[in-house]
Amino acid sequence: MREPVLLRISGLSKRFGAALALADIDLELDAGTVTALVGENGAGKSTLVKILSGVHKPDSGRVEWRGECVDIASPMAAQAMGISVIHQESVVFEDLSVAENIFVTRRPHRFGIIRWREMYRLAGKLLRQLHSSIDPRERLKNLSVAERHVVQIARALSDDARLVIMDEPTAALSERESAELLRIVAQLREHGCAVLYISHKFAEIFSAADRYVVLRDGRNVAEGPMAQATMDTLVKLMAGRTVDQRYPARLPAQPGKVVLRVHQLARRGEFRNVNFELHAGEILGLYGLVGSGRSELLQVLFGLKPAADGEVQMFGEHPGPLTIHGAMRAGMALVPEDRQRQGAHLSRSIRDNIALPNLPALSCLGFARRSAEETLAQDWIGQLNIKCRSSGQTMQELSGGNQQKIVLSKWLAGKPRILLLDEPTKGIDIATKMAVHHLIRRLASDGLAILMVSSELPEVLGMSDRVLVMRRGLLSGEFVPSRATAEQVLHAATAA
């Protein structure tokens, strides 16, 4: 028997200038049901979430909450109704405690004085409901990404949320952490919550969801029970065409010259005794669980964090202390995992973002040439098929996949010789992911040396010429994908 409809949307439409973001959307969300919202980047998912959370107002259409027509006028209004959003990029207050984050909008108090003991008690009770052992007094900055998501879910429960929207919640999580989060999603369903689950990971969608809704170009194109869907049918509905998921073929070639040699590199508390070589024209995969030291290694190589020990050679030379400017002068570029906080200026335009690391080449007598910036931006918008209204559109208006393409293009425009990629396809749809994979393979075939971190084991094995595995700050294995199994790589990443 189908659960009662909690939220019903009819004929919802939204424009941003001349661009139609949503067109005549119909959607029903049931209590005690997990609904997967799927679609390519730019399909309208983010716009729909922002309307449901009170950030945007629709131009037309009707929203019913528990059978009554409502106007979700603001995020506070959405929260008061019982709508909670858990974003891909965790929205938390890092210097506050877990308990303070859970009760950030309504701390228990008496006569204006916060009842701290009561707040910690209630926070602990909520965390235990989620089978979490997180200390309510712990500072948020000391928690992992997965634990921060648990805190956000506890916050939703504290607000008596009836609809929980989860936007790419596992994009930065390990497989183990993702499995734990999916268990919590099942708990929310059992508690009678409606869950709108947005993810590009098909294994999660089929594991977690009861129903699916597909958006394409801002329109509903299909919906139905998850049990009656297949991955191939969903991909075809999302893209409007059949998408071949196979990774681009490796071209048989001998490794080029060693362009990067790392010897006994260490950073206190994060990794130690790291040794490897990277060749021109090679894609070297770096796999490991979140917290294994993968991202920190890339940050040290690019000069974002200081090394405690070891040495690095680039093209046979010692660049001295690792700095960002030194790395860039040597021909190295880093595409970071956190594109929103580390990879882009969200309030600036596409043109500004692409031009920023390339200003010396785009300037004359110390003055930036606007025409040169525009030409460069248009070139990369075309090369990577970036969906936007113009090069003047701000980054924050774009989908995650298009933001990722711009972060890639701004570094590729400088023609690097060594490219460090940290989760290059994190949170992007299957068609965009396929385009990025082909771009990476083409760059390697042109002689670019690529060191790629990924949490997705199929991606690491499908894209890499060699795979290094990190576990607890140490290199624990090296594999050639054609002669390795997924089980062997996982064992190296997790075994004691």
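Values computed for the structure shown
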{"read-out": "So I428, is it aliphatic (A, V, I, L, M), part of a loop (DSSP other than H, G, I, E, B), touching a helix residue (DSSP H, G or I) at 6+ places or on another chain (Cβ under 6 Å) and within 30 Å of R267 (Cβ to Cβ)", "value": "yes"}
{"read-out": "Residue list for the range 30-59, restricted to those being out of contact with any helix residue (DSSP H, G or I) (no Cβ under 9 Å at 6 or more places or on another chain) and of a type in the set (A, V, I, L, M, F, W, C)", "value": "A31, L48, V49, I51"}
{"read-out": "Checklist (1) over 28 Å from A431 (Cα atoms); (2) part of a helix (DSSP H, G or I); (3) β-branched (V, I, T) applied to V49, failing item", "value": "(1)"}
{"read-out": "Qualifying position, being surrounded by fewer than 16 Cβ atoms within 10 Å (Cβ to Cβ) and among the hydrophobic types (A, V, I, L, M, F, W, C), among A229, A308, A239, A266", "value": "A308"}
{"read-out": "Single residue of R389, R351 found to be basic (K, R), assigned by TED's automatic domain parsing to the domain that holds G414 and surrounded by 19 or more Cβ atoms within 10 Å (Cβ to Cβ)", "value": "R351"}
{"read-out": "Single match in L140, L163 (criterion: over 21 Å from S292 (Cβ atoms), under 23 Å from the mean Cα position of the chain (by Cα) and surrounded by fewer than 20 Cβ atoms within 10 Å (Cβ to Cβ))", "value": "L140"}
{"read-out": "Given (1) more than 21 Å from A330 (Cβ to Cβ); (2) at pLDDT below 90; (3) surrounded by fewer than 20 Cβ atoms within 10 Å (Cβ to Cβ), number of the condition R272 does not satisfy", "value": "(2)"}
{"read-out": "Residue match in the range 369-383 (condition: of a type in the set (G, A, S), out of contact with any helix residue (DSSP H, G or I) (no Cβ under 8 Å at 6 or more places or on another chain) and surrounded by 23 or more Cβ atoms within 10 Å (Cβ to Cβ))", "value": "no"}
{"read-out": "Any hit, the range 340-352, residues being closer than 30 Å to D465 by Cβ and among the charged types (D, E, K, R)", "value": "no"}
{"read-out": "Where a residue in the range 42-62 is free of Cβ contacts under 8 Å to residues at least 12 places away in the same chain and its partner, wherever it lies, is of a type outside the set (V, I, T), with Cβ under 7 Å and at least six apart", "value": "K50/H56"}
{"read-out": "Lone unmet requirement of (1) out of contact with any Ser or Thr (no Cβ under 8 Å at 6 or more places or on another chain); (2) part of a helix (DSSP H, G or I); (3) surrounded by fewer than 20 Cβ atoms within 10 Å (Cβ to Cβ) for H437", "value": "(1)"}
{"read-out": "Candidate set from the range 422-467 (those that are under 18 Å from Q403 (Cα atoms) and free of Cβ contacts under 8 Å to residues at least 60 places away in the same chain); member that is nearest to the chain's Cα centre (by Cα)", "value": "T425"}
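The values are calculated or read from the model by the stated rules, or taken from the named source; none is laboratory data. Computed from a predicted model, the values in this text were never measured in an experiment. All Cβ positions, glycine included, derive from the backbone under ideal geometry; neighbour counts span all protein chains shown.
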